[in-house]
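Visitor: Sharing a structure here in structure tokens format.
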Amino acid sequence: MAWLLLAPPLVWAALILIFLRPLRAAWREPTLRHPVLIVESDDWGPGPARHATALHRLAECLLKYRDATGRPPVMTLGLTLSLPDSPAIRAAGPALPYQALPLTAPAYADILAAIREGIAAGIFAPQLHGMAHYWPEALMRAGQADPQVLDWILAGPGQETESLPSPLQSRWVDASVLPSRTLPEPEIRAAVAEEIALYTQIFGDSPAVVVPPTFVWTETVEAAWARGGVACVVTPGRRYIGRDAAGKPTTGAMGVALRNGQTGAAGVLYLVRDDYFEPAYGHTAERALDALRGKTAQGRPCLLETHRFNFTGEHAAALRELDRLFAEALSRHTDLRFTSSAELAEQYRRHGDWLETHLARRFAAWVARVRRLPRFWKLARLTGLGLILSGLSNRLA
């Protein structure tokens, strides 16, 4: 009968061995000792003049709050740096060669001024989204085949890239045909050098953080960013490398999970942004607060993905939810920290004082993380291992 006493530990050991890779990755991911909240807003840059007003309203909301250290909330702005120069393209005639109108053009002066004011106030943190939210040659080829895309190209200045077909919004592949095609490496290198140079011209420093448009990018692109001084890439927890025949992002053979603080082959550090706050889609402050609570238990930062369209249209409801989010987050988490993604990446890179070293707290965070591995946790509960882990976590917390 002694074998009956040994059976559960043997089952638990087998379960741990089967899931050793994700369990070990969850342990190796650094643990934060404070709740961290960053609202990451993409797609800002050239656009209609009313976007400047939206940025000013966001600034007013952000400046109302301070964390325990006296710092206001930080909204990162994923910035595209240009749109089609519609008059110049139209004047070129039937060939329609692509020409760009940069963020520095007079048509976008109010938007750029609002961005710079927020940066100076410490509430906006610029991040590179791309020279454009598309690959220009792919956009032009699509325009030759699709009258609606051509109308968009010629409608500027002030187009909104959100209205383009989703596959075309991926910058680092040619999605004018599906499945998408890879881009030549020399063209990628030249394009990355061009966008980093313009970003540096506009903001005075090279970009520390990149947010790939639609999260489609390749190792070739990543290596080019690293050569240009980029230190961090914001990810959804995986890398998409193209668009399939239906236009959906695909991971191909690169479907391995990415973790906060992990570094890629080129040396860039990854952050994971997999929670969403889109009030235009009905997301409320409670949804974001639930995400913050979960990430805090896991010792992870809460990076909330949002987009400018939430705040540039019927903005009142979105601003109310954002305001409620900050008020409630500070009320529920008195040790909350506001920061930028670039600064958070530096904490991971240099093992800063925001990282937990107490083994008991790291273990509690690890248990909270492995609960999010559905297959493992289901089997752990069925075999009793889940009860053991939860009990240890509660005792040590």
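Visitor: Suppose we keep only residues that are crowded, with 17+ Cβ neighbours inside 10 Å and touching a strand residue (DSSP E or B) at 6+ places or on another chain (Cβ under 8 Å) within segment 181-201. Which one would you say is nearest to LEU269 (Cα to Cα)?
Guide: Once the filter is applied, the top-ranked residue is ILE196.
Visitor: Need a quick list: helices (runs of 4 or more DSSP H) entirely within segment 210-318 having at least 1 residues that are farther than 27 Å from ALA59 by Cβ. I'd like the intermediate steps shown before the answer.
Guide: Details: elements: 219-227, 285-297, 309-312.
Answer list for segment 210-318: 219-227, 285-297.
Visitor: If you check every pair at least six apart or on different chains, which have Cβ atoms under 9 Å apart with a residue in segment 261-282 that is free of Cβ contacts under 8 Å to residues at least 24 places away in the same chain first and a residue that is of a type in the set (A, V, I, L, M) second?
Guide: THR263/LEU269
Visitor: When the residues of segment 113-128 are filtered to those that are out of contact with any helix residue (DSSP H, G or I) (no Cβ under 6 Å at 6 or more places or on another chain) and surrounded by 20 or more Cβ atoms within 10 Å (Cβ to Cβ), which remaining residue is nearest to LEU164 (Cα to Cα)? Spell out how you get there, then give the answer.
Guide: At the first step, the residues of segment 113-128 found to be out of contact with any helix residue (DSSP H, G or I) (no Cβ under 6 Å at 6 or more places or on another chain) are 113, 115-117, 119-122, 125, 127.
Then drop every residue that is not surrounded by 20 or more Cβ atoms within 10 Å (Cβ to Cβ), which leaves 115, 125, 127.
Details: ILE115: 24, ALA125: 26, GLN127: 22 Å.
Top of the filtered list is GLN127.
Visitor: Here's a follow-up. In the list THR104, THR53, THR76, THR69, which residue meets the criterion of being crowded, with 18+ Cβ neighbours inside 10 Å and in the same structural domain as HIS307 (by TED's automatic domain parsing)?
Guide: Numbers: THR104 fails: crowded, with 18+ Cβ neighbours inside 10 Å; THR53 fails: crowded, with 18+ Cβ neighbours inside 10 Å; THR69 fails: crowded, with 18+ Cβ neighbours inside 10 Å.
The unique qualifying residue is THR76.
Visitor: Identify the single condition in (1) surrounded by 15 or more Cβ atoms within 10 Å (Cβ to Cβ); (2) in a loop (DSSP other than H, G, I, E, B) that THR357 does not satisfy, given that it satisfies every other one.
Guide: With respect to (1) surrounded by 15 or more Cβ atoms within 10 Å (Cβ to Cβ); (2) in a loop (DSSP other than H, G, I, E, B), THR357 is out only on (1).
The values are calculated or read from the model by the stated rules, or taken from the named source; none is laboratory data. The structure presented is a predicted model; accordingly, all values stated were derived computationally and were not measured. As a convention, Cβ positions derive from the backbone with ideal geometry for all residues, glycine included, and neighbour counts pool all protein chains shown.
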